[in-house]
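A quick write-up on the structure given underneath.
The values are calculated or read from the model by the stated rules, or taken from the named source; none is laboratory data. These figures come from a predicted structure and were not determined experimentally. Methodologically, a virtual Cβ is constructed for each residue, glycine included, from the backbone with ideal geometry; neighbour enumeration extends over all protein chains shown. Note: accessible area is taken over every heavy atom of the protein model, side chains too, but ligands, DNA and RNA are not part of it. Shrake-Rupley method; radii C 1.70, N 1.55, O 1.52, S 1.80 Å.
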Amino acid sequence: MSVDLSQFHQVFFEESYEGLDTMESALLNIDLSELDSEAINEIFRAAHSIKGGSGTFGFSEIANFTHVVETLLDLIRSDQFVLEADHVDLFLKSVDCIRTMISALESGGQCDTSIADELKKSFNTLLDGEPVAIQTADDAQENQTEPKSVGSGWQIYFKPDTDILRTGNDPVRMFRELAELGEISVSAVLDDVPDLASLDPEACFMAWNITLLGDADESQINEVFEWVVDDSELSIKLIGEDDTENNDALATDELEGAEREGISTTSVESDDTQEVNIPESAKAQTAADEVLPQKEQAQKLVSNAPAKKENKPESVSIRVGTDKIDSLINMVGELVITQSMLNQLGKDFSIESMPKLLEGLEQLSLHTRELQESVMRIRMLPISFAFSRFPRLVHDMSKALDKKVELILLGEQTELDKTVMERIGDPLVHLVRNSLDHGLELPAKRLEAGKDETGKITLNAYHQGGNIVIQIIDDGAGLNEELILSKAVENGLVSPNEHLEPEQIHDLIFQPGFSTAAEVTDISGRGVGMDVVRRNIQELNGSVEVESKPGEGSVFTIRLPLTLAILDGQLIRVGQQVYIFPLVSIVESIESQDQMIHRVSGGCDILRLRNEYVPIVRLWDIFNVEAEYEKVDDGILVIVEGDNIKVAVLVDDLLAQQQVVIKSLQENYRAVPGVSGATILGDGTVSLILDISGLIKLAGVGRDAYKKISESDDTEAA
Amino acid sequence: MTDSKDARLNQMNDELTGGNIDEATEQYLTFFMGGEEFGVNILSVQEIRGWEEITSIPNSPKQVLGVMNLRGTVSPIVDLRYCFGIQDLSYTEETVVIIVSVKTEANTKVIGIVVDAVSDVYNFSQSQIQPSPELSQTNQAQYVKGLGSTDEKMVILLELSEQLIADTDVILNRQLLAS
């Protein structure tokens, strides 16, 4: 009866990551002056379950290493060891180390134990003077070369908790496993067994003395008892270490035979009598078994070596609160009721029941919408998932930079679509790093400027309309406008005599190839930063802006749509084609009049909209489709904004507004310029969703061109 | 003992396959384009649909007619006749879209190909498939896997690739460069 454990690996990986996150955040919250025993317990528990899990699944590298970590934690827990700041760092390093090992295993590779071995050494130095701990740590490490275990045998005393059978652990199974390690003889200790009348048949009152002959080593024996060791008395001794006990055991062995008959009514016992006799036959197999694992291991090595991959798989499952599931089930129930009502109506439909039908259909659409919202909510996760990595990041970085930083997290419960969350992580990290590295000053400088020595970085998240807003606020020096400007001139982004508003200067940091860091540091300053951040965020249909005041700090504001899967759309028509504008990008729609249109040399038409000049984009032209109205005067101009540029898009007609589900075009085709995706309309046809910034690029209305146009028109108007 | 068992198994297999144990046969769905018969491995075919109106994609190259809703996923539709330089691109009652899955480096894409009509399903063993003669370096030659011959006729066997839609990049780039 062998179970394929690999099907549970993914669960183990996910649980381990969660455990590691718990350990990390608890470690970062530890106040050394006032040690909270609950925090230590929490860390210990997390480490313990990782160890248990990895042991079960045969990830011995992780189990061995976590065991050492756990040993030290256990000592701290029982006040035998004083925790210091260095140790916290050591623990944090081990958390990282375990995480790397797990992710290596997850992607099918092999874990590199070199870091683990090094950390293990430092742990062992700490544990010096604790002989028990060192011994266990050592034999975990050297379980192949244990010299003392060779040849002789082991004397094991095992007294499980009375509840052992209820937890699904069967001593017989353990003995069977022991039998595979060598020749065993088991004798029961029946001292605690009550008489039959007061016997609880589901409880286990027995203890066992086991003699194991053969060259098994201690860790193998420990492995057998791994699941129950916490709840039972277990002593494992080398034979010859304590002869008297050995004799005792033999004595009870003889006793046992006599007493057995009396108790064999319990199922436990009768099982046992059969199993004790196994070892002789099993002995022959042992030798063969010992060869086999090595072979398997060798094969594993071979097969794993080429499969070493760097790509980290994205997490594919989410945890959902039961309340969300319950509301879903509710909704589906309602839907079923409505459906059966409509069914009934449809069976014998007469024109009199028309109002009823309409009512039913209305209910149906209501339920459908509610159901849709509930399903969307399932994908929503609190942003704390994305924020959780920052305490550690700030902790490590402030150390590396010699800065004092306090990190404040606000609005952690703000919910965000999982896909958005996964893709906003990296830009956020970049922005926080940037604030730490460039924004905050060194403590001395801060004191000089009359500020608190400790800098503040605030991460704030909240909802605003259909968007989620994430802010990264620091109280550092703010952006250095002069430096940015001179750098921009140097890089040719701006001409020397150009006058720029402060906002425009701030915006320059998002230009490609721009970095003000005097030298490239480990943390930031490679000049590939902010433009990537902006591009990543724009890919999520979001925007990022910066506000800054010299000496007071800067605020980066990211706006993102709540979800990527659904969007409010405005359907428009050009000739036979129906396209969709995201409603958020539409500023207004107008029917143009002749006097509002200005023709500029170079063929680009400009719409004068109050006191703004907006370039006109003819959709039929850039998409090469046939339109009903090719002239600006006949059609409708939809003013849309993207990338901070407004354009007026000429369309034939405005159709309905509706929510559309976004489908990927790339999945089976490829990215199309000017199109962000597709959707399926009510009649089953496919309609394309327009990408405003893509349209602007396609139309060739660059930022420069746009500026020139407005300038030239300014002079013209003047 | 095992020898006799193996022998028995072999014998059974021989009976099943009519003796051609080392010749795997493949099934091909064949269709007509411009009067010629072409075939694709039937395992790559997902379904066959009648021709219906589809949504065109702006600035797509000529062979990509547009996209179609395939039970919730959006798939591109390619006129294979255009790819093979066939002049008559008319749509009749018999015009069909064969939905095939095409392996790419990263995943598989589901693409619809427009052909004149579907024909039949043939079994071809390896010996019946001849490598395609290296006639030219034309665009369409890359799709031709070989020539399958039955008693009475010859079928051009195709191995469709992502090039069906990726080709377009080349064309598009050229257009961009020219403009």
Discussion item. Give the average, rounded to an integer, of partner chain Cβ atoms located within 10 angstrom of each Cβ in A:576-584.
Written reply: 1
Practice prompt. Would you mind putting A:227-236, A:95-104, A:11-20 in packing order, based on average other-beta-carbon counts within 10 Å, highest first?
Written response: A:95-104, A:11-20, A:227-236
Worksheet item: Averaged over B:57-67, how many beta carbons belonging to a partner chain fall within 10 Å of each residue's beta carbon?
Response: 5
Item to complete: Could you sort out which of A:LYS51/A:LYS456; A:LYS51/A:LYS403; A:LYS93/A:LYS456; A:LYS418/A:LYS646; B:LYS62/B:LYS145 sit more than 29 Å apart by Cα distance in this structure?
Response: A:LYS51/A:LYS456; A:LYS51/A:LYS403; A:LYS418/A:LYS646
Worksheet item: Counting only the backbone N, which residues of region A:406-434 are under 18 Å from the spot 7 Å out from the Cα of A:ASP452 toward its beta-carbon?
Response: A:406-411
Response to the item:
Counting only protein heavy atoms with a 1.4 Å probe and every protein chain in place, the carbon and sulfur fraction of the accessible surface of region A:606-706 in whole percent equals 43 percent
Response to the item:
The FRET efficiency for A:GLN658 and B:THR150, from their Cβ-Cβ distance with R0 = 41 Å and rounded to 0.05, is 0.20
Fill in: Interface size A-B, as summed buried accessible area [1.4 Å probe, Å², nearest 100]
1800 Å²
Practice prompt. For region A:184-209 and region A:558-597, write down the distance between their C-alpha centroids in whole Å.
Written response: 79 Å
Worksheet, complete the sentence: Ranked output for segments A:627-636, A:173-182, B:120-129 by mean other Cβ atoms within 10 Å, highest leading, reads A:173-182, A:627-636, B:120-129
Item to complete: Would you calculate the separation in nanometres between label points at A:ASP230 and B:LYS103, each defined as 7 Å from the Cα along the Cα-to-beta-carbon direction?
Response: 4.7 nm
Worksheet, complete the sentence: For region A:1-117, inverting the pair-averaged 1/r of distinct alpha-carbon atoms gives a Kirkwood value in Å of 14.6 Å
Response to the item:
Note: B:70-83 gets an average of partner chain Cβ contacts (10 Å, Cβ to Cβ) equal to 3
Discussion item. Using the basic label-point model (7 angstrom from Cα toward the beta carbon), what is the A:SER6 to A:ILE329 distance in nanometres?
Written reply: 3.5 nm
Discussion item. Let's test the formula: R0 of 56 Å, r as the Cβ-Cβ distance of A:THR113 and A:VAL587. What FRET efficiency results, to the nearest 0.05?
Written reply: 0.40
Worksheet, complete the sentence: Carbon plus sulfur, as percent of the 1.4 Å-probe accessible area of region A:314-436, comes to 57 percent
Worksheet entry | Separation between Cα centres of region A:452-516 and region A:375-397, rounded to whole Å | 24 Å
Fill in: Surface share of carbon and sulfur [accessible, 1.4 angstrom probe, percent] for region A:84-133
53 percent
Practice prompt. Working from the alpha-carbon coordinates of region A:560-708, get Rg over Rh, Rh being the Kirkwood radius.
Written response: 0.96
Worksheet item: Averaged per residue, what accessible surface does region A:428-479 expose to a 1.4 Å probe, in Å²?
Response: 41 Å²
